[in-house]
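Below is one structure; the comments refer to it alone.
Only the coordinates and a few stated rules stand behind these numbers; no lab work does. Remember, predicted model here, so these are calculated numbers, not experimental data. Positions of Cβ are generated from backbone atoms using ideal geometry, with glycine treated the same way; all protein chains shown enter the neighbour counts.
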């Protein structure tokens with residue numbers, strides 16, 4: 001296949017893009033046809049044309065921009081807290097080895113625990129407001145960042161540390177010139193994981209408690225039985241998470257140009 | 001539920017600066033301190049009544065919960081939903097992962113969609129699942145399936161690409177059928193990525209299923225948790241969260257241990 005495409009001057013990447021996108025278009029057309037033919041119940045699955053038609057309505061009438069802004073602010077607040085607390089606690093636990101050995105497995109257990117199920121508890125503690133959502137995002141994201149920060153610092157090659165010592169670097173210089181740059185790749189992996197968990201929790205809790213931005217909009221539209229609107233908003237949330245995913249990759253590349 | 005796989009390896013015997021008993025002593029101190037702070041907060045009345053119930057009340061609720069037969073019925077419902085979703089989502093993810101991993105063009109064409117949909121909060125699909133599968137266990141299983149599918153598929157596709165080409169050529173030179181290639185070459189060669197994918201998949205399937213139960217259900221652990229919240233029965237809610245966390249972490253550790261045992265057995 002690739003040999004044929006290469007001979008015709010089409011790169012494999014272009015061919016793959018058109019194959020993927022073409023299959024998606026064919027799938028949507030097939031669904032449209034099946035619904036129109038009555039083989040799929042239109043009261044359960046709306047026609048793709050209706051969903052596309054609902055985009056403008058959802059954007060204009062449901063204040064998607066405002067809801068997006070709210071979800072973004074919640075994510076920003078939660079992300080900032082995750083970065084500060086996660087990286088800070090990782091550094092502290094690296095510095096104090098006994099504490100690290102005592103608590104690291106607990107943090108790993110916390111990272112694998114379904115913390116999102118604590119949302120009723122957070123509702124009781126913080127009330128039905130943005131703080132519950134922000135704190136849920138924070139709780140989901142911070143263990144991954146802490147663990148990856150520790151991993152990065154502990155994994156610094158011995159020879160780098162010895163070189164620093166040979167140059168008589170102060171502990172602060174040793175940290176900023178040797179340990180931190182060496183740990184950055186791992187810290188970024190942790191940040192990306194943490195931010196993804198955070199976003200999942202934030203939109204999820206918005207949906208579950210019917211409060212906030214995009215998650216609440218899906219719940220509202222579903223309760224109004226506005227199926228095209230629900231599908232259009234789900235598409236919008238998927239788009240937001242794709243943008244977020246791409247953005248974190250770009251930020252990482254910008255901060256680590258050599259990576 | 002995340003599987004970061006990033007606990008730093010313990011230092012070899014004799015290398016650690018701290019003996020195990022000092023670590024254990026610190027752990028006990030931390031636990032005692034947390035419990036003392038909790039009890040003091042409960043007794044102080046600083047927070048709204050019963051938001052932080054006393055440890056005695058939580059222990060009583062835990063004992064009552066574990067001695068209630070209906071709790072095990074609800075636990076069975078949730079476990080069944082999660083088990084079925086892991087089976088369906090895992091098998092579908094594995095099939096798609098093998099397909100995308102073995103065909104370069106298909107992988108390049110469709111894997112980006114998996115990468116983009118993977119980190120999307122799956123709970124937003126719940127209204128659709130209700131429409132498709134009803135308000136019963138079907139929609140909860142479906143939530144578990146779509147949660148579990150993505151990590152398994154991505155992990156299997158990545159694992160498939162890492163299989164030693166020699167093994168694949170050996171299979172082909174023996175004129176193995178597709179089924180034989182999958183059973184004799186692909187699956188044994190990519191056990192570790194599959195176990196990792198299933199571990200991640202199990203975690204998100206638990207979350208997907210339980211969140212769906214909290215949103216709309218009349219059975220299962222998620223339903224019990226949201227019912228305890230509605231009745232403001234905080235000790236019971238804490239007790240259920242404790243049991244749930246222990247079970248989830250245990251299940252996750254069990255799958256990880258199976259993977260490690262398998263790897264050690266092979267080596």
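Of note:
- Debye equation applied to the C-alpha atoms of the stretch B:62-266, log10 I(q)/I(0) at 0.11 Å⁻¹: -0.59
- Chain B, relative contact order in percent, only Cα pairs under 8 angstrom and at least six apart counted: 25 percent
- Nearest-ten-degree value, helix A:180-209 long axis tilted from longest Cα axis of chain A: 40 degrees
- With neighbours defined as other Cβ atoms within 10 Å of a residue's Cβ, the residues A:243, B:148 order from fewest to most as A:243, B:148.
- Relative contact order computed over chain A (Cα-Cα under 8 Å; 6+ residues apart), in percent: 23 percent
- 25 °C / 0.890 mPa s Stokes-Einstein diffusion coefficient of the protein assembly as shown, Kirkwood radius on C-alpha pairs, µm²/s: 97 µm²/s
- Centroid-to-centroid separation of the stretch A:91-138 and the stretch B:165-222 [C-alpha atoms, Å]: 29 Å
- For the stretch A:58-255: span of alpha carbons on each principal axis (Å, largest first): 69, 36, 21
- In terms of other Cβ atoms within 10 Å, B:70, B:54, A:89 run from fewest to most in the order B:70, B:54, A:89.
- Acute angle (nearest 10 degrees) that the helix A:214-223 long axis makes with the longest principal axis of chain A, alpha-carbon atoms: 30 degrees
- Shape metrics for the stretch A:1-122, restricted to C-alpha atoms - Rg then Dmax, Å: 24.9, 68
- Across q = 0.19, 0.28 Å⁻¹, the stretch A:132-180 modelled as identical point scatterers on its alpha-carbon atoms has Debye log10 I(q)/I(0) values of -0.66, -0.97, in the order of the q list.
- Which of B:113, B:48 has the fewest Cβ neighbours within 10 Å, and the rest in rising order: B:48, B:113
- Projected label points at residue B:27 and residue A:239, each 7 Å from Cα along the beta carbon direction, are separated by 5.0 nanometres.
- Between 0 and 90°, nearest 10: helix A:130-154 axis offset from chain A longest Cα axis: 50 degrees
- Inter-part distance, the stretch A:196-259 to the stretch B:61-111, computed on C-alpha centroids, equals 23 Å.
- Label point distance in nm, residue A:169-residue B:172, each placed 7 Å from Cα along Cα→Cβ: 4.9 nm
- FRET E, pair residue A:56, residue A:246, Förster distance 35 Å, beta-carbon r, rounded to 0.05: 0.90
- For the stretch B:42-178, averaging the sequence separation of C-alpha pairs within contact (under 8 Å, six or more residues apart) and dividing by the residue count gives a relative contact order of 32 percent.
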